[in-house]
1. Can you give me the C-alpha center-to-center distance between segment B:432-500 and segment B:113-135, rounded to a whole angstrom?
2. Give the range of the longest stretch in chain A that excludes all chymotrypsin sites (Phe, Trp or Tyr not before Pro) found in loop regions by DSSP and having at most 16 other beta-carbon atoms within 10 Å.
3. Answer rounded, prolate or oblate for segment A:21-227, using the Cα gyration tensor with square roots of eigenvalues a ≥ b ≥ c: rounded when a/c is under 1.5, else prolate when a/b is larger than b/c, else oblate.
4. What is segment A:40-97 by shape, rounded, prolate or oblate, if you read a ≥ b ≥ c off the alpha carbon gyration tensor as root eigenvalues and call it rounded for a/c under 1.5, prolate for a/b larger than b/c, and oblate otherwise?
5. Tell me, which residues of segment B:105-122 get at least 20 Å² less accessible area when the other protein chains come in, versus the chain alone (1.4 Å probe)?
6. Pairing the Cα long axis of helix B:433-448 with the longest principal axis of chain B, what angle in degrees results, from 0 to 90 and rounded to the nearest 10?
7. From the backbone phi of segment B:399-415, what are the Karplus-calculated ³J(HN,Hα) couplings (6.51 cos²θ - 1.76 cosθ + 1.60, θ = phi - 60°) in whole Hz, Gly and Pro given as x?
8. Treating the beta-carbon of each Lys and Arg as +1 and of each Asp and Glu as -1, no other charges, what is the dipole magnitude of segment A:21-227 about its Cα centre, to the nearest 20 debye?
Amino acid sequence: MKEILLNPQLWSATLAMATPLALPALGGTFSERSGVVNIAMEGIMLIAAFFAVLFAHLTGSAWLGLLGAIVVGMIVAVIFAWAAVTLTADQVILGMAINIFASGFTAYLLNTIFGFSGTPTDTPMLPNINIPVIKNIPFIGQILSGNSVIVYLMIILIFASNYFLFHTNLGLRIRAVGENPEAAETAGINVIKLRYLGVALSGLFSAIGGAYLSIGLLNSFSTDMSSGRGYIALAAMIFGKWTPFGSFGAALLFGFATALSMQLQNSAMSKNIIMMLPYILTVLALVGVGGKSVSPAADGVPYTPKK
Amino acid sequence: MSALLEVNNITKMFPKVRANDGVNLVVEEGEIHAILGENGAGKSTLMNIIYGLYRPDSGELKFNGEVLNLSGPHEAIEKGIGMVHQHFMLIPVLTVAENIVLGAEPGGISYNKKKANELIREISRNYHLEIDPDAKVKDLSVGLQQRVEILKAFYRHAKLLILDEPTAMLTPQETEELFGIMRNLKNQGISIIFISHKLDEVKEISDKVTVMRRGKTVGTLNTKETNEQELANLMVGREVVLRLEKSEYNPGDVVLSVKDLTVSDEQNIEKVKNVSFDIRSGEIFGLAGIDGNGQTELIEALMGLRPIKSGVIKYNNNNIEKLPTRERYKLGISYIPQDRQQEGLIMKFSVADNLILKEYKNSQYSKNGVIQYKRVFENASKKVEEFDIRPTDYNLLAGNLSGGNQQKIILAREVGSNPKLLIAVQPTRGMDVGAIEYIHKRLLQLRDEGSAILLVSLELEEIMSLSDRIGVIHNGVIMDILDGKSATREKIGLLMAGSQIEAKKVEV
């Protein structure tokens, strides 16, 4: 066991596995802070993962692949927002519908565009980045350096999100809208606009997470490759009490469990037991072990402005 | 003085209702102008129009001589109109400062906490409204939360302040304090619209009164030149009996006896602490207190809706604290719950069905588990007539009736079964003068027939005019039990606020 824990691979894998959870968890934080429960992040990740590969393959640039994924992901998010915010549809059912659609849609496109052989093997990948100085430090260097560019982007985004949400006027308004939209409206704030913003941001972050799965970790797309990460991200967000740093911490924990189960492939302990860990943690988080998480008061409640 | 706000011939239609029908109002600079009217008279609609939340179908608003075409509250705020809603528009988890500046934050992109706090302190000083900008709103008393709302308006440079039923949630002392603030603001040239249905408050604080009835303004009077009776008649549209005739207090045996009762809430926090009191037949026992001081938990324990922690509840000398609710009903205990739409009625059931919610199982309505509708309808038509439930069609869904008539359904079910003990929680909440008059009459009638009544109300006026004895609850403790005749408003108010010593002084 000690051997495994001292293996830097375990820790860099933790970071790598935490990234596709932390990104949508951050996105979910924005969406839910503005009062919209966005379960569709799972589907948005999947669609983004596909379009990242498609655009990267077509343009020959992984960066354009990422950009394409973001555009498509945000389009889906805005469609979700239109139905959830403007038409005040049930957010959970709507999210489920988008997820089921995403699964079928991407499988269909995969087959129609790329055929049975899957996505081309020459699809470009987003680069890994070596950090000077740090890369030469033993152990630490192997963990912190040489990761995908998305990992570093995520870390920047965590700090930026925290600043945005808790230290800017716009962040204050987003939080107000998620707590009491009526109060926000009487203070002259446009509730609908800010909810669109919250959902669009969740689309943006989920799309980056999805692109990371297909052209960050790999350079291919396979059906249902998001495999529930959008949901686990929601759990991480709740575990992290709807804060960027908290979400990241929870994502690290879940990422660690995944990384550990990968390292234990060949050991006596069943990897399935370890794989259960994130989900057990999720349940514990939801029933309030370690301080009850209090959600934004108007989370998931559609708002209709007065006429 | 010149007119600050002019409302000319405003009309606003909602599906099926003409909420405002040719409304006219003139508010001068530096005056306190009361808007008096029953529930549903259109007061709130009018205020929401002035504040830009609703758009009128026709008519004209003028502010400072300029015609207003408001597309939302932000425009009203810009012009200098501020509003304190009956249900505060505050965000409990945010600080006082964040709540006040929200939507009009000082500075650029980043939230400038220092500047915000500074600005708020300055306004606090100017208007004599002390507040700690860094306190979380959820930690403040209702009175202070209201102060935050008022500050919110002045942060936005309000010249006209609309207060929508501002005293509904306050203790008498807090109300006095608010009136002090209002007079002070008036002296600084602020105009205030004060919405209320409490005649005494309107009489005390306002310079002018505009009375509304059924969506229309029926007249504007100088407060000095009118009296409560005239205002009440204008409001209801007929002669109203303001003071009920109450017969001699003639108590019988003890019906309900509560001893050392302790009850906890869901978080296992003790909400009722060692409470003891008796209620006799032929007596109305009023329980006064500010909302959330253990009344709900006490009543639910009495009705078997909530387990008790310790203590004894005796009904006609038998212990009932372990009996389920249905058994308590069978013994002759009736209950008018606080929330009529959630607990008192099933909104999607007909009036007739709602009338037998408690008795559907009895042999008179049910044969081998099949409901005998002929009997149900007989009962319904009898009750509808006796309790004057309108409309009289008992096949209508309860949800389609007005609040006052919904309450009459509950009254018919609970009072109509001739209970030996009636527990009535806020039986007239949100109802208008006419309906209140009726319900009070029925309660007194029940008392004279020898029932024991526990009346829980947040309206001091109601408690004082009906009760033979008054218990005052504060923080789960009965502070004192007073004689209904000699109890004063001031003393009850002090006890409600938890101040026993101060209350003792008043006695002298």
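The values are calculated or read from the model by the stated rules, or taken from the named source; none is laboratory data. As the structure is a prediction and not an experimental result, all values here were calculated from the model. Counting neighbours? That spans all protein chains shown, and the Cβs are built from the backbone with ideal geometry, glycine included. Keep in mind that these areas ignore ligands, DNA and RNA; they rest on the heavy atoms of the full protein, side chains included. Shrake-Rupley method; radii C 1.70, N 1.55, O 1.52, S 1.80 Å.
1. Cα centroid of segment B:432-500 versus Cα centroid of segment B:113-135: 39 Å apart.
2. Longest gap between qualifying sites, sites excluded: A:140-307.
3. Cα axes put segment A:21-227 in the oblate bin.
4. Prolate is the answer for segment A:40-97, as a/c is 1.5 or above and a/b outweighs b/c.
5. The answer is B:105, B:109, B:110, B:111.
6. So the inclination is approximately 30 degrees.
7. x, 8, 8, 6, x, x, 6, 4, 5, 5, 4, 4, 4, 4, 6, 8, 7
8. 380 debye
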